[in-house]
Amino acid sequence: MPMTVAEALLPFGWLRLGGALLLAAGPGLALSLLILPHEKRDATMRAALALAMSMAFWPVLFTWLEPMPLRLTPTSALIIAALGWALAAVLWYVQRRSPAPAARDEAPSLWPRLLLWLIVLAAALLGMRAIGGFVAGMGSDSYHHTLIAQLFADGGRIPANYEPYAPLATFRYHFGFHALAAVLTWFSGIELRLLVPILAEVLVGLAPLTVAYMVEAIGGDRRASLIAALLTAFISPFPSLMVLYGRFTQLADLVMLPVFMGLVWRAAWPKEDAEQRAWPRVIALAVLAAGLGLTHYRVAIVAGYGAIVFAAVNLVGSSERRAALGRMVRTLVPALVGALLLIAPWIWHVASTWNVGFPIVLGGGSRRAFYDLSRLGSDIILQPTNWVLLAVSLIGLWGGWRSHRRTAVISLATWIVALVVFSTEPFAKTRLDAVSAAICQYVPVAAVAGIGLAALVDWLAARRGAWRWVMAVALVAASSVGAYSMARSIAPRWVYLNSDDIGAMRWIAQATPPEAKFAVTTYNFLFAPRFVIGIDAGYWIPLLAHRNTMTVPMTYPEERATRPDLADSLVNLHALGGHLATDEAVAFLRAQGVNYVFNGSNGWLINTAELDASPHYDLVYNEGRVAVYKLLGPAEPG
C-alpha cells in the first residue's frame, strides 16, 4: 500500500517535520533579530515575525541564484540554515546583555499567549487529522504545486521550463511556496507528494499567529489578538478550507501578509522611541514585499491596496495623522524600491521569456463567470459559521468604532470595502478576481472583529463582569461547530489521487516504454471553455510515473509552449467527451502520439465500456477502480 499523510508522520515523521521547519526558520529569525531587535521582549510576536521573514528569505535566495552559475543543494541549504541559527544565537546573546527599555506597564498575563499557541497547534493538528488518509493534496491545484516544488528540488534553482514533466518552454509562475517546500523536503526526507499537503496544514495552523501579530501591531491588546486568532482558525472558512482547492501559494502569502501590514501600520504609528528610525522597517518591509510578490501575485496586489488604504485614511484629520502619513510614505517608497531590487533577477527572468517557444492563446472566456463568487463552491458558501463570522464582524465594527482604536478599525474596514469593489466588475482592473479577494478577506475581517469585540466586552464588563464569560463561551461554542464542520468538508471527493492510483503509477513506470503517452480524463472551466486540464489521477502521471500525457499543468495559460498546437490539442481531446473508441477519436489520438488511455479511481468522463468493446484497445491493467488501456496500432491484433 502507498504511504499516506498519517504514515509519513508516524512514528518519527513528526520529529523530522518539526526539525525541518525549525531549520528553515533560522535565516528569518536571524534577519528579524538583526533588523528589528525591538521585538525581543515577546517571544510569540518574535516567532510570527521570524516566520514571515523566513518564508520570504528562501524565494529571495533562489531569485539571486538566477544570475549566477550556482544551485542550492540539500547540503548548502542546511549550511545556510545552520548559519542563520548561529547568527540568531549571537544576536540574541548580545541583545540580551544590552539594557532593556524600562517597562511602561505591568507585565501582561501569559494566558492569552498560551491560548494562542493552543489555537495554532489545534488548527494544524485538526487539519493533519482530516487529511491523514490521503496520499496527495486535494483539488486541481495540488498537482502543479507538487510538480513545481519537484522542479526546485531537482534543480536547486529557478527552473527554466517545465521539462521533463510538461511541454512548456518557460517558467513564469510565482514560486515562494515551492521554494520552501523544496527546502523542507531536503531537510525532512518526506516526499513532496505528501509534504505539500502537510506543509499546507502547517500554514493553516500558523495563519492565526500572524493575524494576531497584525492585531497587536495596529494597537489591539492580547485579548483582541486571541479573538482574531480564534476566528481565523475555526470560524472563518478560510484559511482552513483553502486546502480543498490546493490554493497553497495563496495560503503561504496570506501567512506573510498580516506581518507585512502590521509593519506598514507601525511605520505610521511607531510605539516606541527605538522605532522612530525608519531604515530597519524599510529593510524588513522590502524583504517581506519581495516575498509576497514572489509567492502569489494577487496577494501582493491585496497588500498594495491595504498599504494605500492605510496611507489614505491618514490624509483626513489632525496634524498627528498627517505626520503619520509622512512617516508611512518615507518608509514605504524606499521599501518598494528595495523590494524591486530584491526581485530584479526574477523580473529579468520573466522578461527574457517573451519570445521563447509558442504563445498559448485561450480566449473565448466569460469575464463575468470568472468574477462569480459561486466558484467558491457550496462547501464554502454553506459553512454554518459564515453567519457567525458576519455577525461578529458587524458587532466588532460597532465596538471598534466606539473604542480608542477607531482609526485602526476604519482603516481595516476601508481595506475590506476596497477589496470588494476592486475585485468585481466593472472596477476590477487588475488580476485580482472576486474569489481570490474573498479568500483574503479573513485577514482584515478577523482583525476588525478581534479589536472591536475586545473593546465591546470591556465596555459591557464594566457594567456586569459576567459578560466576559458569556463572550468566551459563545466564541468557544462557535469555534467547536466551525472546527467540526470544516473537518467534515475535507473529504475524499476532493482528492484526485488515491491508493489504487499510486499502484497504477508504479505499474506504468515499470511496464510501459519511456516514450509512452497517455490520454486522461479532462475538464474545462465555465469561465474559459478552452481552458482544459486533467481532472483525475491521470493528471499526475508525468510526475509520479515519468510518462507523458496530453494534459499539462493548469499554469499553462501563463506560459509558452514547446509546440504551437498545445491548446488546440487539449480542446480537441476534451471535445471528444470521453468517447475515445470512435474511428475519429482513434485517428486523433494516434496523430497526437497517444498509445495508452488511463482512467483513474475518480475518473468519470472516459467511457470504459466503449473501450472494452473496441478492437482498437486492449485492457492491460485493471486493479481496484483504475484501468489502463493500450491503443493498438493499425496492424496490431486486439
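The values are calculated or read from the model by the stated rules, or taken from the named source; none is laboratory data. Worth saying up front: this structure is predicted, and the values here are computed from it rather than measured. Note that each Cβ is placed from the backbone with ideal geometry, even for glycine, and that neighbours are counted across all protein chains shown. Only protein heavy atoms, including side chains, enter the accessible area calculation; ligands, DNA and RNA are left aside. Shrake-Rupley method; radii C 1.70, N 1.55, O 1.52, S 1.80 Å.
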Problem - 3J(HN,Hα) from dihedral phi, the stretch 223-228, Karplus parametrisation 6.51/-1.76/1.60, rounded to Hz, x for glycine, proline - result: 5, 5, 5, 5, 5, 4
Completion exercise
Any residue on another chain or 5+ positions along whose placed amide H is under 5 Å from the amide H of residue 549 is listed here as 518
Exercise for the section: Enter the accessible area per residue of the chain (Å², integer; probe 1.4 Å; all protein chains in place). Expected result: 41 Å²
Handout entry: Debye intensity ratio I(q)/I(0), log10, the stretch 313-453, q values 0.13 Å⁻¹ (C-alpha model)
Key = -0.88
Exercise for the section: State, as an integer percentage, the relative contact order of the chain based on alpha-carbon contacts under 8 Å between residues 6 or more apart. Expected result: 16 percent
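Local charge sum around residue 357 (other residues, Cβ-Cβ under 14 Å, Lys/Arg +1, Asp/Glu -1)?
On the way: positive: 172, 560, 563; negative: 163, 558, 559, 565.
Taking every Cβ under 14 Å from that of residue 357, the sum is -1.
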Practice task
Starting from the Kirkwood radius over alpha-carbon pairs of the stretch 55-205, derive D by Stokes-Einstein at 20 °C in a medium of 1.002 mPa s and give it in µm² s⁻¹.
Solution key: 118 µm²/s
Problem - Low-density loop positions, trypsin sites (Lys or Arg not before Pro), the stretch 420-516 - DSSP coil, at most 16 other Cβ in 10 Å - result: 429, 431, 463, 464
Fill in the blank from the handout: Using a 1.4 Å probe on heavy atoms of the protein chains only, the accessible area for residue 316 in Å², nearest 10, reads 100 Å²
Completion exercise
The extension gain from residue 70 to residue 7, computed as 0.36 nm times the residue separation minus the Cα-Cα distance, is 19.1 nm
Problem - Accessible surface of the chain [probe 1.4 Å, protein heavy atoms]: carbon and sulfur percent - result: 66 percent
Practice task
Give the long-range amide H neighbours of residue 536: residues separated by 5 or more places, or on another chain, with amide H under 5 Å away, using H modelled in the peptide plane at 1.01 Å from N.
Solution key: 521
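Taking only the C-alpha atoms, wrap a convex hull around the chain and report its volume per residue in Å³ as a whole number.
Working: hull volume 98.8 nm³, N = 638.
Residue-normalised Cα hull volume stands at 155 Å³.
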Practice task
Based solely on C-alpha atoms, express the radius of gyration and the Dmax of the stretch 125-167 in angstrom.
Solution key: 13.4, 38
Completion exercise
If amide H atoms are modeled at 1.01 Å from N in the peptide plane, then the residues at a separation of 5 or more from residue 617, or on another chain, having amide H under 5 Å from its own are 632
Exercise for the section: Ignoring everything but the protein chains, give the 1.4 Å probe accessible area of residue 328 in square angstrom, nearest 10. Expected result: 0 Å²
Fill in the blank from the handout: Cα-based Rg then Dmax for the stretch 109-190, in Å, read 17.0, 58
Practice task
For 318, 236, write out the residues from largest to smallest accessible area, computed with a 1.4 angstrom probe and no ligands counted.
Solution key: 318, 236
Practice task
Quick one: P(r) of the stretch 171-269 from all Cα-Cα pairs, 5 Å bins, percents rounded to integers, in order of increasing distance.
Solution key: 2, 13, 20, 20, 17, 13, 9, 4, 1
Problem - Accessible area, probe 1.4 Å, largest first, for residues 126, 342, 9 - result: 126, 342, 9
Practice task
Report the trypsin sites (Lys or Arg not before Pro) located in the stretch 179-273 that are in a DSSP loop and have at most 14 other Cβ atoms inside 10 Å of their Cβ, or state none.
Solution key: 271
Handout entry: Candidate residues 541, 343: accessible-area rank, largest first, probe 1.4 Å
Key = 343, 541
Handout entry: Derived scalar couplings ³J(HN,Hα) [the stretch 50-63; Karplus, 6.51 cos²θ - 1.76 cosθ + 1.60; whole Hz; x for Gly, Pro]
Key = 5, 4, 5, 5, 5, 5, 7, 4, 5, x, 5, 4, 4, 4
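For the stretch 584-638, state the semi-axes of the equivalent ellipsoid (square roots of 5 times the eigenvalues of the alpha-carbon gyration tensor), sorted largest first and rounded to whole angstrom.
Values: eigenvalues 72, 30, 19 Å².
Those come to 19, 12, 10 Å.
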Problem - Computed accessible area, residue 3, all protein chains, 1.4 angstrom probe, square angstrom - result: 90 Å²
